[in-house]
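Working notes for the structure below.
The values are calculated or read from the model by the stated rules, or taken from the named source; none is laboratory data. These numbers come from a predicted model, not from an experiment. When we count neighbours, we look across all protein chains shown, and the Cβ atoms used for this are built from the backbone with ideal geometry, even at glycine. Areas reflect the complete protein model, heavy atoms only, side chains present, ligands, DNA and RNA absent. Shrake-Rupley method; radii C 1.70, N 1.55, O 1.52, S 1.80 Å.
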Amino acid sequence: METLLPKTAKLNNNIQMPFIGLGVYDMYQDQAERAVESALEIGYRLIDTASMYQNEKEIGNALRRSSVKREEIFITTKLNNTDHGFDQALKAFDLSLQKLQLDYIDLYLIHWPIKSGRKESWRAIEKLYAEKRVRAIGVANYTVPFLQELKTYASIIPAVNQIEFTPWLYQKDVLDLCKEQGTQLQSYSPLTRGIKFNDPRLIELCNKYQRSPAQIILNWNIQLGVSSIPKSVKVERLQENFDATNFDLESDDVLLMNSFSEGFRICDDPIQFL
Ligand SMILES: NC(=O)c1ccc[n+]([C@@H]2O[C@H](COP(=O)([O-])OP(=O)(O)OC[C@H]3O[C@@H](n4cnc5c(N)ncnc54)[C@H](OP(=O)(O)O)[C@@H]3O)[C@@H](O)[C@H]2O)c1
């Protein structure tokens, strides 16, 4: 049976964002350009970069060369930890735009909730949104206390919250709060960088559905209404990850995967910034 899984998520300001995108952390120069070009050829329409990844220029080069129209591609970039504060954030945005060789960004995120400056940075990002220099604004690594704090001063509810989210780090409290307040959750390091691919419970599901570990995990995300941005520089893996929407995990298996949660993390716990 053909899956009814949606390909795009409607954000809280009614714009559409693809459920699966390409994350471009840890790829540089020609390799980054080639990965973006291959991804666009396969059909990816969401690219997730960041000032911190030091490859915005290469992403921009690949976008410029692509025959896919700019308005069909959803570009995310992020405010670096060293650029917090009202004026600094505005300057950092300009620099990202310049490196990406674009005249607008689709989604601009605060990369980490750094204590000193996150409030002023959000004000700057709201200004960028009001000036229509960015189509949607959001945050990353905002777990429940950070989202609650943001609500006390934000005029705009973040359209997206990007967090580490996998079956082994099933952050249900963040997912529930995001759903309640109309913020789209997006999972980073969704594949655990391959570290959990040998989990026997996952392998059993791979056998049952005749799908790869990456496809089972990415499908789990979409079944929960979560977008994800797996990274790969290999064409066959880019294709494999993109094809994760072509089947449906049964709801019992989604629940089973929720129960894998054990607090396993690739990146830092943002709680240190509280
Ligand atoms: N907001 C944040 O703080 C934050 C933090 C971390 C990451 N991110 C974003 O999330 C993106 C993804 O996270 P990530 O790069 O940390 O990790 P990931 O997507 O979980 O895993 C990427 C790793 O898995 C490999 N891989 C990809 N597809 C595979 C497949 N189908 N089978 C086997 N191996 C596969 C890749 O190797 P190859 O490239 O060799 O294929 C790479 O080593 C990043 O690129 C970045 O955009 C955001």
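Listed values, structure above:
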| read-out | value |
| --- | --- |
| Residues satisfying the stated conditions in region 74-99, i.e. touching a helix residue (DSSP H, G or I) at 6+ places or on another chain (Cβ under 6 Å), within 14 Å of the ligand (Cβ to nearest atom) and open to solvent by 10 Å² or more (accessible area, probe 1.4 Å) | ASN80 |
| Pair list, Cβ < 6 Å and 6+ apart or interchain, from region 65-86 residues that are more than 17 Å from TRP122 (Cβ to Cβ) to residues that are in a strand (DSSP E or B) and open to solvent by 40 Å² or more (accessible area, probe 1.4 Å) | none |
| Residue within region 187-205 that is in contact with an Asp or Glu (Cβ under 7 Å, 6 or more places away or on another chain) and more than 24 Å from LEU11 (Cα to Cα) present | yes |
| Some residue of region 208-216 being more than 16 Å from the ligand (Cβ to nearest atom), more than 17 Å from PHE260 (Cα to Cα) and open to solvent by 10 Å² or more (accessible area, probe 1.4 Å) | yes |
| From the options LEU205, LEU249, residue that is more than 14 Å from the ligand (Cβ to nearest atom), within 15 Å of LEU4 (Cα to Cα) and free of Cβ contacts under 8 Å to residues at least 60 places away in the same chain | LEU249 |
| Those residues of region 100-148 which are in contact with an Asp or Glu (Cβ under 7 Å, 6 or more places away or on another chain) and more than 16 Å from the ligand (Cβ to nearest atom), in sequence order | ARG135, VAL144 |
| Region 154-194, residues that are part of a loop (DSSP other than H, G, I, E, B) and surrounded by fewer than 19 Cβ atoms within 10 Å (Cβ to Cβ) | ALA154, SER155, ILE156, ILE157, GLY182 |
| Residue satisfying condition, being farther than 26 Å from LEU274 by Cβ and either without any contact (Cβ under 8 Å) to a residue 12 or more places away in the chain or touching a Phe, Trp or Tyr at 6+ places or on another chain (Cβ under 8 Å) (or both), within set LEU97, LEU107, LEU102, LEU150 | LEU97 |
